[in-house]
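Only one structure is covered here, and it is reproduced in the block below.
The values are calculated or read from the model by the stated rules, or taken from the named source; none is laboratory data. Every value quoted in this text rests on a predicted model; they were computed, and no experiment measured them. Glycine gets a Cβ as well: all are built from the backbone with ideal geometry, and neighbour counts include every protein chain shown. The area values use the complete protein model at the heavy-atom level, side chains included, leaving out ligands, DNA and RNA. Shrake-Rupley method; radii C 1.70, N 1.55, O 1.52, S 1.80 Å.
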Amino acid sequence: MNMKIVAAVFIALTIIFAAAFGAVYALDSSALSHKNSEITSKNNQISSLKAQYDNEKAAAVLEAAYSHWNNITIENLSLVSAEYTSNATLHWIGGPLSGTYTGISQINATWTKFFNLWSAVWFYAEAPPTVMVSGNTATVTSMNQFVLTPFSAEKQVQYLNISYTLNYILVNNNWKIYNEVWHIVGSGFISYTAGEVHSLKAEAALEAAFSHWNDIAIENSSLLEPQYTSNATLHWIGGPLTGTYKGETSVINTWTKFFNIWSAVWFYTIAPPSVSVSGNTATVTSMNQFILTPYSNQSQVQYLNISYTLNFVFMNNSWKIYNEVWHIVGSGFISYAQEFAEYNEISSLGLNHINQIAIENISLIMPQYAKNATLYWAKGPLAGTYTNYSEINTTWTKFFAMWQAVWFYASTNMTNNPVVTIHGNTAYYNATFTQFIVQNSTGFYYINVTYSIKYYNFGFNPATGHDDYKIVYEIFDNTALGPISKLE
């Protein structure tokens, strides 16, 4: 074979095989490039789906956090409780509830205490909360402000700034709180300063006091009753209702007795009342005058000066009276005619007392004294100071035992006529000359006496229709004694 031909054929075959190899190589390279492109695309899709899934998990966690804060603001314990794992922990930092609470029971008890403090709650996040998700756990951190109105003062608005941390775990496709940190980093008043709030409390207590006095004036027991706590105490000092009354029923019964005495009542405060507030308690003190018309004589107008003390406690969103002092420090008549009648009453009481001595009637004499009265006997065998009902009774009994008969007369001339003076609840009967004529087995004698009687008005007595004046101090100054034959 011609070598030239062989060489030519070899060259031709080489060219053909080279071309074929080049075509195959070009085909494989294109396919590989396409496959790589598909892998990259799939990876990008997977990354995108993963990011989307992570974002959805974060969104779900954030939604759970907002739901938790919202359920706190609507104060719904059942909704709040369902957001925790059974062994969750609540770290409360700051304020009266500060502590670490583990388990649903303790956490529920803590939120219940919190809800009992506030009548209304609002919240907002001061900046977008931060959410971090790692597998089946997540953490939310936020700076929240809660705006709150306390039950104790619903006109008051406060705020709590809370540094918040919520740790979640995915349980049965639900994000549950397994750790919570409520950290109070700031608090204060929004609507009023602390001083303004204190002033509002004092204003409310004063308003409650005036409402109480007004309801006394309109004699309305049904309005008075809800103003007291169930175990309130009323201290009544002076007059026929003197006593200490405990419990709402006893207090209202006492006011009913008071209302049954007077057909009309008015009042005013002699000076602005004094108010002091300490936390949830308040005290109002005042000097009041009540103007009254008795049922027994509705043309008569009297007054009672009352030293008043009202002690309040804030409960059920209002000030309630738990202690009250009604102290009668003065009483009398308003008009001149009534004042004249009062002078006549004291004059009559004084003469009546001396007359009962003359008829030696101990049973009529003794009711004229107050239980703690004092009798001062200046001279003679009975000289001494006798205090209390029993001693005075014994002294008059001894006096009556000395004489078989007693008469008296009081001078009615201008210089010796008995003098009556009245100062508030106190009245004085002074007779510079009263003469007793006495008889015993040896004859008749005279006793000249300068008489002084101090009365105290213990209040209006509806049984008699008069003020209840009693002798509290008496001076029997027997200035002269001798046989009647020596009288000119």
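Identify the residue in the range 452-488 that is small (G, A, S) and assigned to a strand (DSSP E or B) and, among all such residues, is modelled with the lowest pLDDT.
First, pick out the residues of the range 452-488 that are small (G, A, S): 452, 459, 463, 465, 480, 482, 485.
This time we only want the ones that are assigned to a strand (DSSP E or B), so: 452, 459, 480, 482.
On the way: S452: 94, G459: 77, A480: 89, G482: 89.
Step by step, filter the range 452-488, then rank; the result is G459.
For P128, work out the one condition from (1) at pLDDT below 95; (2) in a helix (DSSP H, G or I); (3) within 24 Å of L170 (Cα to Cα) it doesn't fulfil.
Here P128 meets the rest and fails (2).
Modelled with pLDDT under 95, surrounded by 15 or more Cβ atoms within 10 Å (Cβ to Cβ) and of a type outside the set (D, E): does that describe S134?
Numbers: modelled with pLDDT under 95: yes; surrounded by 15 or more Cβ atoms within 10 Å (Cβ to Cβ): no; of a type outside the set (D, E): yes.
No, not satisfied.
Residue-by-condition table, conditions (1) of a type outside the set (A, V, I, L, M); (2) closer than 30 Å to Q300 by Cα:
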site: H183; (1), (2): yes, no
site: I190; (1), (2): no, no
site: A202; (1), (2): no, no
site: F267; (1), (2): yes, yes
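So if I check each of L206, L223, which one is open to solvent by 20 Å² or more (accessible area, probe 1.4 Å) and in contact with an Asp or Glu (Cβ under 6 Å, 6 or more places away or on another chain)? I'd like the intermediate steps shown before the answer.
Values: L206 fails: in contact with an Asp or Glu (Cβ under 6 Å, 6 or more places away or on another chain).
Exactly one residue qualifies, and that residue is L223.
Which members of the range 151-166 meet the condition of being among the β-branched types (V, I, T), part of a strand (DSSP E or B) and within 35 Å of the chain's Cα centre (by Cα)?
Result: I162, single match.
Test each condition in (1) open to solvent by less than 50 Å² (accessible area, probe 1.4 Å); (2) touching a residue at least 40 places away in the same chain (Cβ under 8 Å) for G243 and report the one that comes out false.
(2)
From the list A125, A109, A120, A88, which one is farther than 17 Å from W69 by Cβ and either within 27 Å of the chain's Cα centre (by Cα) or open to solvent by less than 50 Å² (accessible area, probe 1.4 Å) (or both)? Full working, then the answer.
On the way: A125 fails: farther than 17 Å from W69 by Cβ; A120 fails: farther than 17 Å from W69 by Cβ; A88 fails: farther than 17 Å from W69 by Cβ.
Among A125, A109, A120, A88, only A109 is farther than 17 Å from W69 by Cβ and either within 27 Å of the chain's Cα centre (by Cα) or open to solvent by less than 50 Å² (accessible area, probe 1.4 Å) (or both).
For the range 251-292, name all the residues that are open to solvent by less than 20 Å² (accessible area, probe 1.4 Å), part of a strand (DSSP E or B) and polar (S, T, N, Q).
S286, N288
In the range 358-373, what residues are over 21 Å from N448 (Cβ atoms) and open to solvent by 20 Å² or more (accessible area, probe 1.4 Å)? Talk me through it step by step, then tell me what you get.
Narrowing the range 358-373 to residues over 21 Å from N448 (Cβ atoms): 361-364, 366-373.
If the condition is that a residue be over 21 Å from N448 (Cβ atoms) and open to solvent by 20 Å² or more (accessible area, probe 1.4 Å), then N361, I362, S363, L364, P367, Q368, K371, N372 are the ones that fit.
If the requirement is being within 20 Å of E203 (Cα to Cα) and β-branched (V, I, T), which of these qualifies: V325, V265, V275?
Values: V325 fails: within 20 Å of E203 (Cα to Cα); V265 fails: within 20 Å of E203 (Cα to Cα).
Result: V275 is the single residue among V325, V265, V275 that is within 20 Å of E203 (Cα to Cα) and β-branched (V, I, T).
Look through the range 167-187, keep the residues that are aromatic (F, W, Y) and over 35 Å from the mean Cα position of the chain (by Cα), and return whichever of them is surrounded by the fewest Cβ atoms within 10 Å (Cβ to Cβ). So that I can check it myself, show each step before the final result.
Applying the first criterion (aromatic (F, W, Y)) to the range 167-187 yields 168, 175, 178, 182.
Checking which are over 35 Å from the mean Cα position of the chain (by Cα) leaves us with 168, 175, 178.
Details: Y168: 27, W175: 24, Y178: 16.
Restricting to residues being aromatic (F, W, Y) and over 35 Å from the mean Cα position of the chain (by Cα), the top hit is Y178.
If you check every pair at least six apart or on different chains, which have Cβ atoms under 9 Å apart with a residue in the range 107-120 that is closer than 16 Å to L79 by Cα first and a residue that is of a type in the set (A, V, I, L, M, F, W, C) and open to solvent by 30 Å² or more (accessible area, probe 1.4 Å) second?
Every condition considered, the pairs that remain are N108/L77; W111/L77; T112/L77; F115/L77.
Taking the stated definitions as given, is K155 touching a strand residue (DSSP E or B) at 6+ places or on another chain (Cβ under 8 Å) and of a type in the set (K, R)?
No.
Tell me whether the range 141-154 contains one or more residues that are open to solvent by 50 Å² or more (accessible area, probe 1.4 Å) and farther than 22 Å from T89 by Cβ.
As a first pass, look at the range 141-154 and keep what is open to solvent by 50 Å² or more (accessible area, probe 1.4 Å): 141, 143, 151, 154.
Next cut, farther than 22 Å from T89 by Cβ only: 151, 154.
For the range 141-154, residues open to solvent by 50 Å² or more (accessible area, probe 1.4 Å) and farther than 22 Å from T89 by Cβ: present.
Which residues, taken from the range 300-357, are assigned to a strand (DSSP E or B), surrounded by 20 or more Cβ atoms within 10 Å (Cβ to Cβ) and modelled with pLDDT under 90?
Within the range 300-357, Q302, S331 meet the criteria.
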